[in-house]
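To start, I am sharing the structure in question, which I have written as structure tokens.
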Amino acid sequence: MSRVTDYAAVQPAPTLADRAKFLAFLLIAAAFLGWSANALELSPGELIHSMPVIGRYLARMFPPDWSALQGLWDPTVDTICIALWGTVIASIIGLPLGILAAKNMNSPAVVRLTSLTILNVLRSISELIWAIFFVAAVGLGPFPGALALGVNFGGILGRLYAEAIENVDQKPLEALRATGANHLQTIMFAVLPQVLPQIVSYNLYWFEVGVRSATVLGMIGAGGIGFELVTTIRLYDFRQTSAILIVILLLVTVIDRVSAILRRAIVK
Amino acid sequence: MNMNVEIDHRATKATAPELNAGPVVSIVNIGKTYARGNLVALSDVSFDVGRGEFIVILGPSGAGKSTLLRCINRLAEPTKGRIYLNGKEITDRRRELRDARRQIGMVFQQFNLVTRLSVLLNVLSGRLSYRPTWRSFFYSFTREDRAIALECLEMVGLGHKVFQRADTLSGGEQQRVAIARALAQRPNVILADEPVASLDPKIARQVLKYLKEISQRLGISVICNLHQVDFAREYAERIVGLCQGQKIFDGPPSELTDDILNKIYGMRAEADGD
């Protein structure tokens, strides 16, 4: 039995039916795109027509009014803290659920499916919706923002953790089971050490995403720099808006860089 | 085929042993059939293991050696037969199985260490079954555990590599760490599943020497799967020959004639020819 290397010999030439199927697929895709453009009232003409208006708004943003930086320090720190605590809450939610949801952890089917469902719900409701809910529940400020990020990212991280756990080398797990170690001990000593680099890397990445997300959350009253941003827009003070946007840009860039460096250092 | 049936009868004399007298491990009519494809991995294998005995299970790959070992500590569930440890039957009831597994160390072909952890933590994980679960959340061990782990590492000559990460060690060293982990359980018996198959001959001899020493000095019985005849002859006190899931030899290396070897290895050639 020799290994097959000549792929052309293995893969049959497309039949007429194959070609017809592909053509049908293209037509359906094109029809769908056309229909959805119509639903959107997509109109390139309108866009070109309104260019001057967009230009006028942009012009009103210059030069940036740096007086906006006054009092911006605290909201900026708030934003970072929202992202930080959001990620912490997310890991606290995600780790147990991720372990229960991982196929190779042999949870009872009911438990596994329940965990998967919870993760799905947390993940598929956007952090903005969660934020509206938590602002209503606990009031304005950074705290509901952190909760919203924590819950939504918990769903995402839980799913990622579960996938990481599913890819773990099973042999050490078996060795620990053979010593008489119980399930939790096996997880602590054979599973977590294997997935820790990935967990740290995911957390750093979602902290980055969290910083960007937290600026948006501010706009609906969940504290942070986004709240300041939206205030300047409401006051039509676009020169202050641009100053704040530049700060956000710098903030996100710095966080991205730092976290990229940390991740590279950790994943070894 | 009819030949081994005859020898098999001699083996079935193994009966349930009296409490604490007699063999450390008693294997009685163990069989395993895989549901899918009706594959018979083991059929009616029986033998006793004495205290401190060094037994080599010899056979070609696919003979059922691995399945046999894994049935002993129930990493694989036998479909037939019983296993006794110090006269007490090993069942699949969780608490009892944990107690049994604690007394059975296991060494694997691929070492199966947690490579990102230190040598010490790998050996300490042999102590987990003695300690409450909450401790493992803090990776905390008692002074006694640490002393035992260090002593076991000294025994395999790795006292100087305690704090190194396991993946910085060579294959032979990793297997010795795995042996230390098994020793840290303070076991009655060590199961070694092809412990030297991934090592070169010189290192293999070293690892087998450690296992042999353990059986002689500490009175821990060792059941060791091997496929190499020369290693089996060199180290075994007793050889159990396995072929196609059946025991076709059980005796000292001196009785392992070429004729019997042909039966152990030859039958497979026949089967492969089919």
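The values are calculated or read from the model by the stated rules, or taken from the named source; none is laboratory data. Values in this document were obtained by computation on a predicted structure and should not be read as measured data. All Cβ positions, glycine included, derive from the backbone under ideal geometry; neighbour counts span all protein chains shown.
In segment A:9-25, what count of residues is obtained for those that are exposed (fewer than 10 other Cβ atoms within 10 Å of the Cβ) and of a type outside the set (G, A, S)?
Qualifying residue count for the region: 5.
Only one of (1) β-branched (V, I, T); (2) surrounded by fewer than 17 Cβ atoms within 10 Å (Cβ to Cβ); (3) within 11 Å of chain A (Cβ to nearest Cβ) fails for B:T115. Which number is that?
The single condition B:T115 does not satisfy is (2).
Based on this model, can you work out whether B:S61 counts as of a type in the set (S, T, N, Q) and more than 24 Å from A:L184 (Cβ to Cβ)?
yes
Moving on. So B:S43 ticks every box in (1) more than 30 Å from B:H160 (Cβ to Cβ); (2) touching a Pro at 6+ places or on another chain (Cβ under 8 Å); (3) in a strand (DSSP E or B) but one. Which box is left unticked?
With (1) more than 30 Å from B:H160 (Cβ to Cβ); (2) touching a Pro at 6+ places or on another chain (Cβ under 8 Å); (3) in a strand (DSSP E or B) applied to B:S43, the lone miss is (2).
B:L121 - would you say it is in a helix (DSSP H, G or I), touching a Ser or Thr at 6+ places or on another chain (Cβ under 8 Å) and at the interface with chain A (Cβ under 8 Å from one of its Cβ atoms)? Don't jump to the end; show me each part of the working.
Details: in a helix (DSSP H, G or I): yes; touching a Ser or Thr at 6+ places or on another chain (Cβ under 8 Å): no; at the interface with chain A (Cβ under 8 Å from one of its Cβ atoms): yes.
No, not satisfied.
Which of the residues spanning segment B:63-77 are surrounded by fewer than 24 Cβ atoms within 10 Å (Cβ to Cβ), within 17 Å of B:Q246 (Cα to Cα) and among the basic types (K, R)?
B:R70
Give the residue that is farthest from A:I156 (Cα to Cα), with candidates limited to residues of segment A:204-233 that are buried (at least 24 other Cβ atoms within 10 Å of the Cβ) and of a type in the set (S, T, N, Q).
A:T215
Right, something else. Criterion first (at pLDDT 95 or above and within 14 Å of chain B (Cβ to nearest Cβ)) does A:I187 satisfy it?
Against the criterion (at pLDDT 95 or above and within 14 Å of chain B (Cβ to nearest Cβ)), A:I187 qualifies.
Let me ask something else. Just need a number here: residues in segment B:73-85 that are part of a loop (DSSP other than H, G, I, E, B) and either in contact with an Asp or Glu (Cβ under 9 Å, 6 or more places away or on another chain) or within 18 Å of B:V40 (Cβ to Cβ) (or both).
Within segment B:73-85, residues that are part of a loop (DSSP other than H, G, I, E, B) and either in contact with an Asp or Glu (Cβ under 9 Å, 6 or more places away or on another chain) or within 18 Å of B:V40 (Cβ to Cβ) (or both) number 6.
Under 30 Å from the mean Cα position of the chain (by Cα), closer than 12 Å to A:I244 by Cα and assigned to a helix (DSSP H, G or I), is that true of A:A39?
no
Condition check: within 14 Å of another protein chain (Cβ to nearest Cβ), surrounded by 18 or more Cβ atoms within 10 Å (Cβ to Cβ) and touching a Phe, Trp or Tyr at 6+ places or on another chain (Cβ under 8 Å). Does A:A181 satisfy that?
yes
Let me ask something additional. Right, A:P108: more than 13 Å from chain B (Cβ to nearest Cβ) and in contact with a Cys (Cβ under 7 Å, 6 or more places away or on another chain) or not? Working first, answer last.
Details: more than 13 Å from chain B (Cβ to nearest Cβ): yes; in contact with a Cys (Cβ under 7 Å, 6 or more places away or on another chain): no.
Spelling it out, it is not the case that A:P108 is more than 13 Å from chain B (Cβ to nearest Cβ) and in contact with a Cys (Cβ under 7 Å, 6 or more places away or on another chain).
Does at least one position in segment B:86-100 carry a residue that is in a strand (DSSP E or B) and either more than 8 Å from every other protein chain (Cβ to nearest Cβ) or farther than 18 Å from B:E173 by Cβ (or both)?
Yes; the residues of segment B:86-100 include at least one that is in a strand (DSSP E or B) and either more than 8 Å from every other protein chain (Cβ to nearest Cβ) or farther than 18 Å from B:E173 by Cβ (or both).
Need a quick list: helices (runs of 4 or more DSSP H) entirely within segment A:155-268 having at least 3 residues that are of a type outside the set (F, W, Y) and closer than 30 Å to A:A101 by Cβ.
Result: A:170-179, A:183-186, A:192-217, A:238-266.
Further, regarding this structure: If you take the residues of segment A:190-223 that are small (G, A, S) and under 20 Å from A:L84 (Cβ atoms), which of them is farthest from the other protein chains (Cβ to nearest Cβ)?
Ranking the qualifying residues of segment A:190-223, first place goes to A:G221.
A further question follows. Can you find a residue that is more than 14 Å from every other protein chain (Cβ to nearest Cβ), without any contact (Cβ under 8 Å) to a residue 40 or more places away in the chain and assigned to a helix (DSSP H, G or I) anywhere in segment B:164-171?
Within segment B:164-171, none of the residues are more than 14 Å from every other protein chain (Cβ to nearest Cβ), without any contact (Cβ under 8 Å) to a residue 40 or more places away in the chain and assigned to a helix (DSSP H, G or I).
Rundown of residues vs (1) touching a Phe, Trp or Tyr at 6+ places or on another chain (Cβ under 8 Å); (2) surrounded by fewer than 24 Cβ atoms within 10 Å (Cβ to Cβ); (3) closer than 30 Å to A:D78 by Cβ, yes/no style:
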position	(1), (2), (3)
A:V151	yes, yes, yes
A:R159	no, yes, yes
A:Q185	no, yes, no
A:L192	no, yes, no
A:V200	no, yes, yes
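List the number of the failed condition for A:A31; all other conditions in (1) over 30 Å from A:S242 (Cβ atoms); (2) surrounded by 11 or more Cβ atoms within 10 Å (Cβ to Cβ) hold.
(2)
Separate question: Quick check: is even one residue across segment A:123-130 in contact with a Cys (Cβ under 9 Å, 6 or more places away or on another chain) and part of a helix (DSSP H, G or I)?
First, the residues of segment A:123-130 that are in contact with a Cys (Cβ under 9 Å, 6 or more places away or on another chain): none.
No, that holds for no residue.
May I ask you to say which residue of B:L261, B:L242, B:L256 is within 19 Å of the chain's Cα centre (by Cα) and either closer than 24 Å to B:I30 by Cβ or not acidic (D, E) (or both)?
Numbers: B:L261 fails: within 19 Å of the chain's Cα centre (by Cα); B:L256 fails: within 19 Å of the chain's Cα centre (by Cα).
The match here is B:L242.
How many residues are buried (at least 17 other Cβ atoms within 10 Å of the Cβ) and more than 10 Å from every other protein chain (Cβ to nearest Cβ) if we restrict to segment B:124-147?
Matching residues across segment B:124-147 total 2.
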